[in-house]
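Notes follow the structure.
The values are calculated or read from the model by the stated rules, or taken from the named source; none is laboratory data. Everything numeric here is computed off the predicted structure, so don't read it as measured data. Please note: Cβ atoms are built from the backbone with ideal geometry, for glycine as well, and neighbour counts cover all protein chains shown.
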Amino acid sequence: MSRVYNFSAGPAALPEEVLQQAQRELTDWNGSGMSVMEMSHRGKEFMAIAAQAEADLRELLAIPENYKVLFLQGGASSQFAAVPLNLLRGKESADYIKNGSWSKKAVQEAARYCNVNLVAEGSMCAPEQSELQCSRDAAYLHYTPNETIEGVEFPYIPESDVPLVGDFSSTLLSRPLDISRYGLIYAGAQKNVGPAGLTLVIIREDLIGQPLAHTPTMLDYATHVSNESMYNTPPTYAWYLAGLVFQWLKRNGGLSAMAEINQRKAAKLYAAIDGSDFYHNPVIPRDRSWMNVPFTLADANLDSDFLAEAKAAGLVTLKGHRSVGGMRASIYNAMPEAGVDALIAVMTDFEKRRG
Ligand SMILES: *Cc1c(COP(=O)(O)O)cnc(C)c1O
């Protein structure tokens with residue numbers, strides 16, 4: 001079986017080149033005689049892999065000196081709790097923007113630890129800056145720059161007097177980002193960064209070290225900062241693979257090159273959808289995601305036929321999230337433009353015969 005174009009939202013496709021390098025190095029990394037999977041996380045080989053990955057990530061995102069980078073486990077979902085536990089710092093409330101499935105989950109978890117002030121709510125859109133009703137006593141403002149399920153993306157970075165927190169799980173590394181605008185950024189790696197099992201946290205130093213009483217040791221950022229993400233066993237193989245992805249990004253022009261390609265991929269897919277009466281995307285153009293493109297067919301009874309034909313053409317995991325229905329094409333960094341072209345060709349052909 002040859003490689004398919006995998007449109008999965010996550011775990012998602014990885015660059016083929018990265019997988020081939022991992023395959024070459026699988027049983028013997030760099031003459032060490034062992035797999036990265038088998039190495040002690042405290043040995044000099046793995047320490048070098050870990051340090052290189054961090055240096056490359058810092059370079060790609062131009063992360064300022066006063067930010068720490070953590071390579072953790074637990075997924076973005078653990079960060080839904082870690083953020084309030086660490087960032088409330090004596091305050092009792094936090095501001096949240098709720099405009100989709102993931103921000104809703106972040107709100108639900110935060111509500112266990114503080115008063116959640118919903119500064120804006122939206123459905124299938126990103127609230128505008130002028131709509132945000134920020135409170136004066138909030139410890140931080142949390143939002144989800146890209147709602148993976150709905151395919152809704154913020155076209156701007158919210159302004160806020162308090163530290164800004166972003167759940168970048170499905171958009172980190174898709175384009176350059178001004179880290180200095182944020183207090184904290186987190187992302188589960190399995191969408192646009194690497195394999196599942198790794199969670200990235202980028203946190204400004206002054207926000208570390210004042211957790212709520214009874215914060216579990218493993219959810220206290222200070223634990224991981226003072227141990228360079230090696231307080232306990234880190235997700236070593238996922239960390240290594242993410243490092244290979246960072247090198248792949250650097251070889252391919254870094255994040256500004258990614259931004260250009262990603263924008264072009266998304267623009268042509270949305271143009272194909274908008275140019276037809278058969279396919280439909282429910283998001284206003286301003287807030288459409290570059291990464292996750294949901295679309296419906298005019299007749300939902302044709303969904304399974306569409307999926308079958310796409311699969312026969314080597315295009316898989318296009319079924320939409322159960323809460324939205326229809327299709328969803330996730331077109332992260334690792335999805336080549338040729339994959340998007342192939343999808344558009346299948347859509348056009350299907351519409352001609354069945355639309
Ligand atoms: C996938 C996703 C999550 C959940 O990530 P896990 O790593 O599975 O916990 C949270 N937020 C967003 C925006 C996501 O896309």
**V36 vs. criteria outside the structural domain of P234 (by TED's automatic domain parsing) and more than 15 Å from the ligand (Cβ to nearest atom)** = no
**Message:** Can you report the number of residues in segment 20-51 which are of a type outside the set (D, E, K, R), surrounded by 15 or more Cβ atoms within 10 Å (Cβ to Cβ) and within 20 Å of K250 (Cα to Cα)?
**Reply:** 4
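Among the candidates N301, N262, N333, which residue alone is within 26 Å of P195 (Cα to Cα) and either among the charged types (D, E, K, R) or part of a helix (DSSP H, G or I) (or both)?
Numbers: N301 fails: within 26 Å of P195 (Cα to Cα); N333 fails: either among the charged types (D, E, K, R) or part of a helix (DSSP H, G or I) (or both).
Residue meeting the stated conditions: N262.
For the condition over 18 Å from the mean Cα position of the chain (by Cα) and among the aliphatic types (A, V, I, L, M), what is the one hit in A259, A267? Give the steps one after another, and end with the answer.
On the way: A259 fails: over 18 Å from the mean Cα position of the chain (by Cα).
Criteria check complete, one pass: A267.
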**Prompt:** So which residues in segment 175-190 are closer than 16 Å to P145 by Cα and in contact with a Pro (Cβ under 8 Å, 6 or more places away or on another chain)?
**Reply:** I179, S180, Y182, G183, L184, A189
**Item:** Hey, Q73 under 20 Å from the mean Cα position of the chain (by Cα) and crowded, with 19+ Cβ neighbours inside 10 Å or not
**Value:** no
**Fill in**
Of the listed residues (G188, G194), the one being near the ligand (Cβ under 9 Å from one of its atoms) and either buried (at least 24 other Cβ atoms within 10 Å of the Cβ) or not polar (S, T, N, Q) (or both) is G188
**Message:** It is to be established whether one or more residues within segment 197-204 are surrounded by fewer than 24 Cβ atoms within 10 Å (Cβ to Cβ), touching a residue at least 40 places away in the same chain (Cβ under 8 Å), under 16 Å from A82 (Cβ atoms) and charged (D, E, K, R).
**Reply:** yes
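Which residue out of R322, R264, R288 is closer than 20 Å to N146 by Cβ and surrounded by 18 or more Cβ atoms within 10 Å (Cβ to Cβ)?
On the way: R322 fails: surrounded by 18 or more Cβ atoms within 10 Å (Cβ to Cβ); R264 fails: surrounded by 18 or more Cβ atoms within 10 Å (Cβ to Cβ).
Selected residue: R288, the only one of R322, R264, R288 that is closer than 20 Å to N146 by Cβ and surrounded by 18 or more Cβ atoms within 10 Å (Cβ to Cβ).
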**Request:** Considering each residue of segment 128-144, count those that are surrounded by fewer than 24 Cβ atoms within 10 Å (Cβ to Cβ) and within 16 Å of the ligand (Cβ to nearest atom), and give that number.
**Result:** 0
